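Heads up: the structure comes next, in structure tokens.
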Amino acid sequence: MAVATFAGGCFWCLEAVFSQLSGVHHVTSGYCGGYNVNPTYEQVCTGTTGHAEAVRIDFDPAKISFSQLLEVFFTIHDPTTRNRQGADVGTQYRSAIFVHSPEQRAEALAMIGALNQELPANSPVVTEISDAPQFFPAENYHQRYFADNPAQGYCTFVISPKVAAFRREFASLLKTPGQ
């Protein structure tokens, strides 16, 4: 089993997507990259703790590669906007990759370099790359939020369209029934 940790806006969106990938065993919503030990959602929402809303992904690299996870990550959020995803604004919504090995760092840097070759010069990728600090799981009600609350307004208007677009683009990577 391997671990990947990403921040890219609301962790509900990230968890909803990554949990559907074949080879992903578990996705945990939480907080990463800040100053407080055991931060709460209310603290992180203030933007003063330094934490980002993030997901920790436990995956089988024999079934899905870190590179494939990166491809999904860069597709499902805007890596060219600093500290903002849609209506969510603040450092807690920044784009970040918290690497767990030198190999993950190299793959992330290579992918960002390739993306920057395709993007306009005035819109480079602003995704931060740093060593994975301690990860703090979010409160229980944040886990599986989209799966448990599909009719909630944010889920209906923000997460559902994102998940639908992801499912169309990455159909070959989706779990099959029973996985």
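Summary table below
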quantity: Subset of segment 100-115 (residues that are without any contact (Cβ under 8 Å) to a residue 40 or more places away in the chain and either touching a Ser or Thr at 6+ places or on another chain (Cβ under 6 Å) or surrounded by 15 or more Cβ atoms within 10 Å (Cβ to Cβ) (or both)); calculated: R105, A108, I112
quantity: Single unsatisfied condition, A16 versus (1) closer than 17 Å to A138 by Cα; (2) in a strand (DSSP E or B); calculated: (2)
quantity: Test: residue in segment 38-45 that is over 21 Å from R167 (Cα atoms), in contact (Cβ under 8 Å) with a residue 12 or more places away in the chain, surrounded by fewer than 16 Cβ atoms within 10 Å (Cβ to Cβ) and within 16 Å of the chain's Cα centre (by Cα); calculated: no
quantity: Matching entry among H77, H26 (being surrounded by 22 or more Cβ atoms within 10 Å (Cβ to Cβ) and not polar (S, T, N, Q)); calculated: H77
quantity: Filter result for the condition that a residue is out of contact with any Leu (no Cβ under 8 Å at 6 or more places or on another chain) and among the aromatic types (F, W, Y), over F6, F18, F59, F66; calculated: F66
quantity: Single condition A54 does not satisfy, out of (1) in a loop (DSSP other than H, G, I, E, B); (2) crowded, with 23+ Cβ neighbours inside 10 Å; calculated: (1)
quantity: Given (1) within 23 Å of D148 (Cα to Cα); (2) outside any strand (DSSP E or B); (3) of a type in the set (A, V, I, L, M), number of the condition V37 does not satisfy; calculated: (1)
quantity: Qualifying positions in segment 156-179 - surrounded by 15 or more Cβ atoms within 10 Å (Cβ to Cβ) and either over 21 Å from C45 (Cα atoms) or more than 16 Å from the chain's Cα centre (by Cα) (or both); calculated: S160, K162, V163, F166, F170, L173
quantity: Residue count for segment 116-137, restricted to those that are exposed (fewer than 13 other Cβ atoms within 10 Å of the Cβ) and free of Cβ contacts under 8 Å to residues at least 12 places away in the same chain; calculated: 5
quantity: Segment 57-87, residues that are more than 15 Å from Q20 (Cα to Cα) and in a loop (DSSP other than H, G, I, E, B); calculated: P61, A62, H77, D78, P79, T80, T81, R82, N83, G86, A87
quantity: Residue in segment 13-37 that is farthest from the chain's Cα centre (by Cα), counting only those that are among the polar types (S, T, N, Q) and modelled with pLDDT of 95 or more; calculated: S22
quantity: Leading residue by the ranking (nearest to the chain's Cα centre (by Cα)) among those in segment 46-70 that are of a type outside the set (V, I, T) and within 16 Å of W12 (Cβ to Cβ); calculated: A54
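For (1) in contact with a helix residue (DSSP H, G or I) (Cβ under 8 Å, 6 or more places away or on another chain); (2) farther than 23 Å from L119 by Cα; (3) surrounded by fewer than 15 Cβ atoms within 10 Å (Cβ to Cβ), each residue gets a yes or a no:
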| residue | (1), (2), (3) |
| --- | --- |
| I64 | yes, yes, no |
| S67 | yes, no, yes |
| L70 | yes, no, no |
| Q85 | yes, no, no |
| V89 | no, no, yes |
| R94 | no, no, no |
| I97 | yes, no, no |
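The values are calculated or read from the model by the stated rules, or taken from the named source; none is laboratory data. Keep in mind the model is a prediction, meaning the values are calculated, not measured. Reconstructed Cβ throughout: ideal geometry from the backbone, glycine too, with neighbour counts over all protein chains shown.
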